[in-house]
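The next block holds one structure in the form of structure tokens; read it before the comments.
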Amino acid sequence: MKSSFRISATAPKFTHADEKREMSKLTDAEIRGIADDVYGNSNNRTRHEHHHDDTNSSTSSNNAPSSPSTPAPPKPKKSVTPEELASFELELSKLPLSDKTSYERALFECPELIVKESNPERFLLNENHHAERAAKKLALYWEMRQSIFGEKAFLPMTLEGAMSDLVPTMLVFPNLSRCIFDVEEHGRIIIFGNHEGVDLNELDPGALVRMLWYNLHLAMKHDDEQQKRRQEQQQPQSDNNTKSNITAHGLVAVNFGRRLTLDQFNRRRNRLIVKSVCEYIPVQVQAVHLVTCSLFIEQVLPLVKWYMGRRLRFRIRLHQGPDKEILQSLVSYGVDLRDSMHVLDPRDYESSIWIANQIERERREQQQEKDANEALHSPSPTSSSRTHAQEESKDDTSIYQDLAEQVETMNLKSS
């Protein structure tokens with residue numbers, strides 16, 4: 001079904017005059033902060049210097065400051081104290097029930113997901129230890145999670161849980177939305193999307209939004225694992241040898257969409273994507289790289305900027321041209337995808353393997369959690385490791401066989 005999108009002459013948008021006016025209001029500290037974020041050197045500043053600045057104003061992405069500042073080692077983030085957690089709980093209790101219905105349901109039906117997938121400490125860190133803002137954001141997170149995922153919102157954020165209905169789509173287009181680790185010069189995790197050669201009108205309008213949520217949760221989970229590893233090795237938070245740390249370094253969004261047409265633009269979908277990274281999920285996006293066409297820049301981008309928020313609009317960078325030039329341009333910002341060029345093919349078959357690997361990993365982690373809980377509550381747990389290993393081996397083999405058959409079938413249908 002084709003989109004009925006029309007660009008209205010009265011639709012709110014940011015003109016060049018708006019952008020110029022906003023640029024003139026930037027302070028020297030803001031200019032340095034924007035350049036530090038875009039080039040990955042922002043860890044020498046506190047998050048408070050550039051957070052909570054989402055007013056309806058904009059700048060031209062190419063006129064924004066573009067000179068990298070001198071790198072400085074990242075400062076350790078202040079840990080959340082028990083007093084701050086108590087204040088957070090108090091603020092959460094003050095919220096009207098109508099604002100936290102989904103949170104209360106999650107607390108009753110799946111309390112383990114509150115800790116695993118919406119840890120209050122991460123919300124406090126994201127909101128610069130401000131208890132009231134963190135409590136409101138956590139409640140909003142669960143309201144939007146239910147709005148976006150429906151009843152699946154109360155399942156684990158896994159490929160066989162909340163994402164189960166999207167696995168077939170992800171098998172055919174594995175690079176529509178991806179998390180890429182350990183390729184960014186400054187330790188930032190890349191949220192990558194390749195929409196080239198894909199008719200977005202043929203997808204469920206909410207598919208891209210749910211894929212983004214899944215990948216942002218993968219990034220947060222990866223971050224938690226890195227922090228746990230540092231603690232076990234007694235390394236400081238600021239250790240530069242540990243990459244992919246979104247608490248210290250943030251995220252970078254990279255999107256390829258040079259052949260998108262106006263009829264594929266869905267205002268609600270794009271708004272949900274932007275709001276998810278800016279308002280709903282406790283992550284910090286430091287730069288947005290859009291590989292796009294002149295039509296998008298001239299007609300769509302001004303509309304998107306309207307609801308993007310002041311902070312993120314300043315951090316957009318645009319790229320045009322052939323793949324080789326774009327990849328080299330991204331390297332200048334610390335984003336090196338030259339060894340990951342397979343992601344430039346939205347139908348890359350080899351990329352589908354990561355889905356099978358991820359399902360295998362998620363099953364293994366769930367079994368480990370189940371075993372740990374049984375051991376904790378059982379006075380004399382029985383050993384069944386050999387049985388579990390045999391079952392996992394059998395399940396893993398069937399995963400690859402099933403996914404291979406699905407990929408082959410869907411590729412035949414789409415060819």
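The values are calculated or read from the model by the stated rules, or taken from the named source; none is laboratory data. Only a predicted model underlies this, so the values are computations on that prediction, with no experimental measurement involved. Every residue, glycine among them, receives a Cβ derived from its backbone with ideal geometry; neighbour counts consider all protein chains shown. These area figures cover heavy atoms from the full protein model, side chains too; ligands, DNA and RNA do not enter into them. Shrake-Rupley method; radii C 1.70, N 1.55, O 1.52, S 1.80 Å.
What the table below lists for this structure:
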read-out	value
Ser98-Asp339 FRET efficiency (beta carbon distance; Förster radius 45 Å; 0.05 resolution)	0.35
Span from the the range 261-277 Cα centroid across to the the range 172-211 one, whole angstrom	14 Å
With DNA, RNA and ligands ignored, accessible area of Val277 (1.4 Å probe; Å², nearest 10)	30 Å²
His16, His186, His195, ranked by accessible area, largest first (probe 1.4 Å)	His16, His186, His195
Long pairs among Lys116/Lys228; Lys25/Lys305; Lys100/Lys370; Lys20/Lys305, criterion Cα-Cα beyond 20 Å	Lys100/Lys370
With all protein chains modelled, accessible area of Tyr280 [1.4 Å, Å²]	20 Å²
For the range 295-350, alpha-carbon Rg relative to the globular expectation (2.2 N^0.38 Å, N residues)	1.39
Anisotropy class of the range 96-206 from Cα gyration tensor, a/c 1.5 cut	oblate
Rounded to the nearest 10 Å², the accessible area of Asp99 at probe 1.4 Å	80 Å²
Cβ-derived FRET efficiency at R0 45 Å, Ala29 paired with Arg364, nearest 0.05	0.45
